[in-house]
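Data block below; observations after.
Every number in this text was worked out from the coordinates using simple rules, so none of it is lab data. Everything quoted here is computed from the prediction, not taken from an experiment.
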Amino acid sequence: MCIRDSPNPAGDHIILQLEEENTSGFNIKIYNINGEVVLNEDMDAGKQMIQINSSNYPNGIYFISCSDADGIVKTNAKFIVAH
């Protein structure tokens, strides 16, 4: 499972798009630079893209972790929020 994130740096939103077919669903977690979870969201099977509102996130670096339905982390990425 690979994801593309755009725009980067993000302002009011970030779009995550899977580069592989999503057949079983997965979980997205976004962490701030301090390791605190700022988003924990499940994505249903079949869905390939999700738009996340980042307008309330302070400027900084964030990390994305995507895991499959069994909880196994499949990919990690990072993005920057700059308003």
If each part is reduced to its alpha-carbon centroid, the range 66-82 and the range 25-52 end up apart, in Å, by 7 Å
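For the chain, what is the Kirkwood hydrodynamic radius in Å, using each pair of distinct C-alpha atoms?
On the way: mean 1/r = 0.0787 Å⁻¹.
That comes to 12.7 Å for the chain.
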Between Ala10 and residues 5 or more places away or on another chain, the pairs with built amide H atoms under 5 Å apart involve Ile80, Val81, Ala82
Sorted by chain and number, the residues with a modelled amide H under 5 Å from that of Met43, at a separation of 5 or more or across chains, are Phe26, Asn27, Ile28
Between Asn22 and residues 5 or more places away or on another chain, the pairs with built amide H atoms under 5 Å apart involve Gly46
